[in-house]
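Take a look at the structure set out below.
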Amino acid sequence: MLFKTHILLGILFFLLLRNYFSEGSTILFFLLILLGSILPDIDEKHSRINKWFGIVGSIVAFFAKHRGFFHSLLFHGIIFFAISYFFNTYYAWALLLGYTAHIVGDGITPMGVQLFYPFSQFKIRGPIKTGGFWEGIIMIVLIIVIIKQFW
Ligand SMILES: [Zn+2]
């Protein structure tokens with residue numbers, strides 16, 4: 001999925017789920033969901049998040065296969081437990097929810113996502129081509145649903 005679609009999905013996840021999480025800063029929670037919703041694409045050298053990470057992004061993209069480890073439940077599980085342990089479970093959830101939003105987006109594309117990488121080849125996939133007509137439709141629907149949350 002495109003950067004914009006991932007951001008829209010992140011915003012939607014925040015609006016739908018924020019009421020279940022209330023033990024910290026809502027703004028920080030929101031920003032972490034957005035970060036989680038674009039972070040997996042650090043493994044793709046042309047992505048925005050990869051460029052934002054500079055040299056770290058270049059190293060990640062060089063060594064990691066796109067939609068491999070950085071799109072896996074393993075990577076995000078490690079991050080979740082690390083943040084919970086060293087910082088705060090509330091913010092760990094924000095990043096994990098953002099990640100889930102990302103996987104929903106990539107999981108409906110033909111390329112799919114190997115959620116259980118590197119343990120299994122199993123892929124979640126769908127028929128929506130990245131940057132194609134139907135992704136455009138999905139973006140419009142997401143914008144409408146997001147706006148409706150404020151009515
Ligand atoms: Zn991705």
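Here, each number is a calculation from the coordinates, and none is a lab measurement. As the structure is a prediction and not an experimental result, all values here were calculated from the model.
Among the complete DSSP H segments of the chain, which ones combine at least 18 Å of alpha-carbon extent along their axis with a mean Kyte-Doolittle hydropathy of 0.0 or more? TM-like helix candidates: 3-17, 26-38, 73-86, 89-107, 133-148. Leaving out same-chain residues fewer than 8 places away, which lysines sit with a Cα under 30 Å from that of residue 123? Hits, sequence-local ones excluded: 4, 45, 51, 65. Close amide-amide hydrogen proximity is noted between residue 112 and 126, each under 5 Å apart and 5 or more residues distant or on a separate chain (H modeled in the peptide plane; Pro and chain starts excluded). Using all pairs of distinct alpha-carbon atoms, the Kirkwood hydrodynamic radius of the range 21-119 works out to 13.8 angstrom.
Remark: the range 118-124, residue by residue, has Karplus-estimated 3J(HN,Hα) of x, 7, 9, 7, 3, 10, 8 Hz, where x stands for each Gly or Pro and the curve is 6.51 cos²θ - 1.76 cosθ + 1.60 at θ = phi - 60°.
Across the range 3-148, Cα pairs under 8 Å and at least six residues apart give a relative contact order of 27 percent.
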